[in-house]
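Quick one: the structure is below, questions incoming.
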Amino acid sequence: MLEHKFLPLAGKFRYHDAQQKTEIRRLDMQTQDTQIQEAIGKAVARLNEMLDADNRLSAEADTVIAGPEGRLDSMGLINLLLFAEEELGQTLGQPVDVMSTVGDRAASSAAFTIGELIELVRQTLAR
């Protein structure tokens, strides 16, 4: 008889645990998004060290990096993607294959942006 009194309470704890897990996942995703943005920002900063002052990039999401209106030539794009791989690996503690995931998409895009780079990295990590 006593066990029946605790069953609803146990169910409530399970529901609470599920809510906590969902909240933890949401916070982890927000943290990961922030880490991705910071890593891409660091990659842009590293690339900017190699560029003339007139050719430096902004790390803003709407900065076009590839395509006819892109700010980078093919070598600049390759360097940015390699820097992004290195920075993401250090920041996230796991390797992220940016070159094969993003390279083809960036090369074929009419206007590939920093924001699209960040989104493709998010999608890659979600798999």
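Taking amide hydrogens as modeled 1.01 Å from N in the peptide plane, which residues meet the under 5 Å criterion relative to residue 113, leaving out close sequence neighbours?
65
In addition: For residue 71, what is the net charge nearby, where nearby means another residue's Cβ is under 11 Å from its Cβ and Lys, Arg count +1, Asp, Glu -1? List each step's numbers first, then the result.
Working: positive: 56; negative: 54, 69, 73.
So the surrounding residues net to -2.
Give me the number: length gained by fully extending residue 119 to residue 49, i.e. 0.36 nm times residue separation minus the C-alpha to C-alpha distance, one decimal in nm.
Values: separation 70, 0.36 × 70 = 25.20 nm, distance 2.45 nm.
Extra length from residue 119 to residue 49 when fully extended: 22.8 nm.
While we're looking at this one, here's another question. Report the calculated FRET efficiency for residue 56 and residue 82 (r = Cβ-Cβ distance, R0 = 25 Å), to the nearest 0.05. Could the numbers behind the result be given before it?
Working: r = 18 Å, r/R0 = 0.71.
Once the sixth-power term is evaluated, E becomes 0.90.
No value in this document is a laboratory result; all are computed from the given coordinates. This is a predicted model, so every value here is computed, not measured. With ideal geometry, Cβ positions are generated from the backbone for all residues, glycine too; neighbour counts draw on all protein chains shown.
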